[in-house]
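Asks: Okay, handing you the structure first.
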Amino acid sequence: MDNLYDLALQNMETTLHALAGRVPQPKRVSFRNGFVFRYAEQTIHQALIQKLARVISGLHAARVLLEQGYVQEQAALQRMLDEFQEDIMFLSFAIIFNDMTDLHREYLSAFYEEEFDQPESAIESTQKRPMVSRKKIRAYIARSEGAALDPSRGVEVARTLSKAYSGYIHGASPHIMDMYGGNPPRFHVSGMIGTERQDEHRDDLWNYFYRGIIAFAFVAKAFGDEELFDSIRKFKDDFEKHSGKNYVAVP
């Protein structure tokens, strides 16, 4: 499986850099005593590029955490990947279906907002980043995925998965107790290498790579690149075949 993951990440990175070259490039902006890079145009396509970058980085990090046995932290990171992938679908659908809504504009405004309105003093800054409702984002995705699907069912599935993984982020007791076991029983705080928990989370990681590949396909479609879209779709099929998986979407 490692070879497949390596190939998937290589393809993702190549695709990211190719797509990043199709949008106006980041510019240097003065910041404190130096500068930072920012997308001046703040477009929806530039937002998609940035989300893809986090998907790749997140998948790399999840692999590192898994191999070291830090499956609690891996699961928390995967909860972040859930939202990155939802964001990509949400933004991509707006372009693919020519359906830019006020919710998309609200999302992009919040996404590009600077953290501090007074960079020289974080304490004196008044900036409070607005949060777009995750429930509304999921509802939009569910509606856009097709009339044959039950939107309320799609929203409920996404909500259930989100709640399950949120327990790793917020440190819910049932999730923390997954760290406890052995003979004699103890908290495994230096990783869970060789345990059944590591095996469970190793299996789960495949889903995030698979969904990451699909996220890239959506963005290719949003960029209007049918050739790239077909190439990614073929890679998805090969990835599924060579991994021995038969992926069936949650109904």
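Asks: If you check LEU103 against the conditions, is it in a helix (DSSP H, G or I), in contact with a Leu (Cβ under 7 Å, 6 or more places away or on another chain) and modelled with pLDDT of 95 or more?
Replies: Considered against the rule, which asks whether it is in a helix (DSSP H, G or I), in contact with a Leu (Cβ under 7 Å, 6 or more places away or on another chain) and modelled with pLDDT of 95 or more, LEU103 comes out as no.
Asks: Check off (1) surrounded by fewer than 17 Cβ atoms within 10 Å (Cβ to Cβ); (2) in a loop (DSSP other than H, G, I, E, B) for GLY69 and give me the number that stays unchecked.
Replies: (1)
Asks: Out of everything in segment 135-190 that is hydrophobic (A, V, I, L, M, F, W, C), modelled with pLDDT of 90 or more and not in a helix (DSSP H, G or I), what residue ends up being least open to solvent (accessible area, probe 1.4 Å)?
Replies: It comes out as ALA172.
Asks: A further question follows. Quick check on my filter: what residues within segment 7-58 are charged (D, E, K, R), in a helix (DSSP H, G or I) and either under 19 Å from ALA110 (Cα atoms) or open to solvent by less than 60 Å² (accessible area, probe 1.4 Å) (or both)?
Replies: Scanning segment 7-58 gives LYS51, ARG54.
Asks: Tally the residues that are free of Cβ contacts under 8 Å to residues at least 24 places away in the same chain and exposed (fewer than 11 other Cβ atoms within 10 Å of the Cβ), restricting the search to segment 191-202.
Replies: 1
Asks: Something else now. Within segment 208-218, does at least one residue satisfy the condition of being more than 22 Å from PHE84 (Cβ to Cβ) and either in contact (Cβ under 8 Å) with a residue 24 or more places away in the chain or not in a loop (DSSP other than H, G, I, E, B) (or both)?
Replies: no
Asks: I need the full set of residues from segment 225-244 which are within 17 Å of TYR5 (Cβ to Cβ), in contact (Cβ under 8 Å) with a residue 60 or more places away in the chain and open to solvent by less than 70 Å² (accessible area, probe 1.4 Å), in order please.
Replies: Within segment 225-244, ILE232, PHE235, PHE239, SER243 qualify.
Asks: Assuming LEU77 fulfils every condition listed in (1) within 20 Å of ARG134 (Cα to Cα); (2) in contact (Cβ under 8 Å) with a residue 60 or more places away in the chain apart from one, which condition is it?
Replies: It is condition (2) that LEU77 fails.
The values are calculated or read from the model by the stated rules, or taken from the named source; none is laboratory data. Only a predicted model underlies this, so the values are computations on that prediction, with no experimental measurement involved. With ideal geometry, Cβ positions are generated from the backbone for all residues, glycine too; neighbour counts draw on all protein chains shown. Accessible surface is based on the protein model in full, side chains and every heavy atom, while ligands, DNA and RNA are left aside. Shrake-Rupley method; radii C 1.70, N 1.55, O 1.52, S 1.80 Å.
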